[in-house]
Each structure stands twice: as structure tokens, then as C-alpha cells.
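Enquirer: My questions will all concern the structure given below.
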Amino acid sequence: MGTLSERLKQRAAELGFQLSGICPAAAPPGAAELDEWLRAGFAGEMTYLEDRRDAYHDPSLVLAGARSILMLGMPYHTRDAQPAGPGQGRVSRYAWGDTDYHTLIRRRLHVLADELRSAKPGAATRCAVDTAPLLERDFARLAGLGWIGKNTLLINRPAGSYFFLAAVLTDAVLDFDSPVTSDHCGNCTACLDACPTDAFAAPYVLDARRCISYLTIESRRPAPVELRAGIGEWLFGCDVCQDVCPWNRKPGAGGEPAFDPIEGMNPVELAGLFSLDEEAFRRRFRHTPLWRAHREGLLRNAAIVLGNRPAAAAADALLKGLVDPHPLVRGACAWALGRYTGAAARRGLRQRLADERDATVRQEIEQAIRRQASG
């Protein structure tokens, strides 16, 4: 039958976790680097990281008495990305399906936790899918799953980096695996060189404030003007630093049907998004990762993409967004319309300026009008 640790890993493989390893629930080696990163301001609006800093240093603050962590990796690569055409936006490949990976993975983690408690009556467990204050990549390295690359993502030699990390913490003592101590990035700087917004302050150091994934998912503010062009055609997230990584040249298919692309998600037609009110947005995206961006965030992103890749047929959608209830949407649509040369765009901006009361949006409209005049 094997040891409990072996049985848990075998069951994990049956549940779709192609990577598994076990490490001690000790202070992670990257905790000091996290402190430096936070002090540098690289977290941007993600203030919850600072709020939970102590827990990132000590897994026993995530699960009292934690002694072991079963670290797991579930691949999500399904097929090659489709190019985005006029009026379309790209979505990071982890979000192509119709299932929120948190829900799917958490259910399977509970299966593992139940089996552990069945074998160890009285054992405490806690399941984590990138929402608990846990330095998953550090523990994954300690559990032998891979090394942390220059793009700050965990990389596994055969599997690359297209996988979700998850964990089961327990106060039971399991058999620990050997940590990965080597770094196989070598002299390669492909990920650093390819980043459209120069988001890497140094190898292994990400300035989240410049990262497209942060700008399109985590941030609730207007994207900095100087970074909007770099966002390019990305509606939600970004895969650039993974797509160029040599270790992802031959990624294996994950085999999880829930991650397969659904119609209209790879890529996304943008104009129709501006017709979604809150209820319609909920119906379409509630159970997908795109829900995290919120309606106003996704429409902000859509407007930026349409400004970076003007499509004549999209002007009407941007004009609709120019009178949206949320100022974040109105401001982004104003910026985008400043890149359109038609009479309708010029007229719409001037009409909106007469009615707009939000100072930030007014500034966006005024700058858009000046751009049209100079273009």
C-alpha cells in the first residue's frame, strides 16, 4: 500500500495534480525578500499582502501547529493561443475555460484532506489555492516541484510553468521530499527582454505596478498613461513571459476538460462587453476567472485594447462606454476615442465634456480632444 505520503501523491495524480511533493511547514526562505519587495512599493494596490505579512513568514499562522505541506501542481495548458483580430482582446490562457480554477482545485484538495484525516484521525488540515497567505512558490521549491525563474514563476523541467499551485497544510508529519537547489535559467533573459511594460526591476524581481496581469486584474484604478500602449491587446492577464520561456517550448496538455477554451473566450469580442450591465456581466463571467476584474475593470481593459488597436466598428461601443455609470470606464473610453479619427468620436467627446463632472474623466476627455486635434 505504501506510506501515507506515497498514497497521497498517488491520489493527487488521479485527481489531476501532475506535480506533487511534500516539505516542512517551516519559515519560507523567501520571506525576507517579500519584506524588501513590499518596502520597495512593488505591490501597488495589493495592500492585503502587507496586512498578512506575518502569516507569510509563519505557516502556523495559516494552520495552527502546521508541520507538513503537500504542494501540488495542476497544468492548465490546453492548446495554442489564437491570434486576436480587429476588435478582439486576448485572455491569459489559464482563464479560457468556464470554471473558476479555485473552485475546481479546492474541491479536489478536500478529497486529499479527507483521505489524510482518515489515515490520521484527529489530524488538522487546511487547503489553499493562492488565496491563503502562503508563499506557494517557495514551498513548491522546497517540495521539489521546481525552481523560481527570472520571471518569478515556478518552473518545472518537464512541465514548464503553465500550472496552478495548490497546497494542503497539516499538523501531521509526512515524508519530506528533497528541495530543488539548482536554477536552470542560466544566462537566458528571454522573459525579461520580452515584457511589453518593462515590469521586471531586476531578474527575479517583479514590479507588479508595471505588470500587465496586475494592471488588468488587480488594479482598480486607471492604467498609467505611459503603460497603456504596452498593454497591447491583453484584455485580462498576460502570458508573454511564459510564452517566450524556453522551458515552455513543448508544454504538455493538462488533460483537464474544465480548462478547455469555451466559445468567445479565446479571444474575446470586445464591443459586446459594453452592452453588459452588472447583472449580465454576472451571468456571463461569475464562474470564470474574469469575474475578479469586475465589470468596470474589464471594460476599462477593453477600452484600452480598442485604443491600442483601433477598429472602426468599435467606435460605437466606446461611445456607449463614454456614458457608462462608472468613471473608470468613461475615462478609458475617452482615452481610446482619442485614437479614433471619425466625426462621431470627436462629437461624442465634446458632448460628454459638457456633462462630465468627474475631474479625472474630464482630464481624459480633454487630452483625447487635444490628441485628435493634433493627429
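The values are calculated or read from the model by the stated rules, or taken from the named source; none is laboratory data. Because the structure is a prediction, the values reported are computed rather than measured. Virtual Cβ from ideal backbone geometry, glycine too; neighbours counted across all protein chains shown. Each accessible area value is taken on the protein alone, full model and side chains, heavy atoms only, with ligands, DNA and RNA left out. Shrake-Rupley method; radii C 1.70, N 1.55, O 1.52, S 1.80 Å.
Enquirer: Roughly how many Å is it from the Cα centre of region 106-125 to that of region 135-210, as a whole number?
Expert: About 26 Å separates the Cα centre of region 106-125 from the one of region 135-210.
Enquirer: Here is a further query. Where does the charge balance sit around residue 155 when Lys and Arg score +1, Asp and Glu -1, over other residues with C-beta under 13 Å from its C-beta?
Expert: Overall, the nearby charge balance is +4.
Enquirer: Here's another thing I want to ask about it. Ignoring ligands, DNA and RNA, how do 118, 161 rank by accessible area with a 1.4 Å probe, largest first?
Expert: On the way: 118 90, 161 10 Å².
My answer, sorted largest first, is 118, 161.
Enquirer: Suppose all protein chains stay in the model; what accessible area per residue would a 1.4 Å probe give for region 1-135, in Å²?
Expert: Details: 6250 Å² over 135 residues.
Value returned for region 1-135: 46 Å² of accessible area per residue.
Enquirer: Sort region 176-294 into rounded, prolate or oblate with this rule: let a ≥ b ≥ c be the square roots of the eigenvalues of the Cα gyration tensor; rounded if a/c is under 1.5, and if a/c is not under 1.5, prolate when a/b is larger than b/c, oblate otherwise.
Expert: oblate
Enquirer: Tell me what the chain gives for mean residue ellipticity at 222 nm when only DSSP H runs of n ≥ 4 count, each as -39,500 (n - 2.57), the sum divided by the residue total, rounded to 500 deg cm²/dmol.
Expert: After summing the helix terms and dividing by the residues of the chain, the value is -11000 deg cm²/dmol.
Enquirer: Under the rule that a partner needs its Cβ under 4.7 Å from the first Cβ, which Cys of the chain have none?
Expert: 23, 127, 185, 188, 195, 211, 238, 245, 333
Enquirer: With a sphere of radius 12 Å drawn around the Cβ of residue 140, what net charge do the other residues whose Cβ falls strictly inside it have (Lys, Arg +1; Asp, Glu -1)?
Expert: Values: positive: 137, 141; negative: 130, 136, 138, 177.
That sum, taken over residues with Cβ under 12 Å, equals -2.
Enquirer: Treating the beta-carbon of each Lys and Arg as +1 and of each Asp and Glu as -1, no other charges, what is the dipole magnitude of region 235-305 about its Cα centre, to the nearest 20 debye?
Expert: 160 debye
Enquirer: Moving on to the next point. Run the accessible area of the chain with a 1.4 Å probe and give the carbon-and-sulfur part as a rounded percent.
Expert: After summing per-atom areas, the C and S share lands at 49 percent.
Enquirer: Which is the longest part of the chain that has none of the trypsin sites (Lys or Arg not before Pro) sitting in a DSSP loop with at most 15 other Cβ atoms within 10 Å?
Expert: 80-219
Enquirer: Moving on. Report the local net charge at residue 31: Lys and Arg +1, Asp and Glu -1, summed over other residues whose C-beta lies under 15 Å from its C-beta.
Expert: Residues near residue 31 contribute -3 overall.
Enquirer: Between residue 342 and residues 5 or more places away or on another chain, which pairs have amide H atoms under 5 Å apart, with H built 1.01 Å from N, and which residues are they?
Expert: The answer is none.
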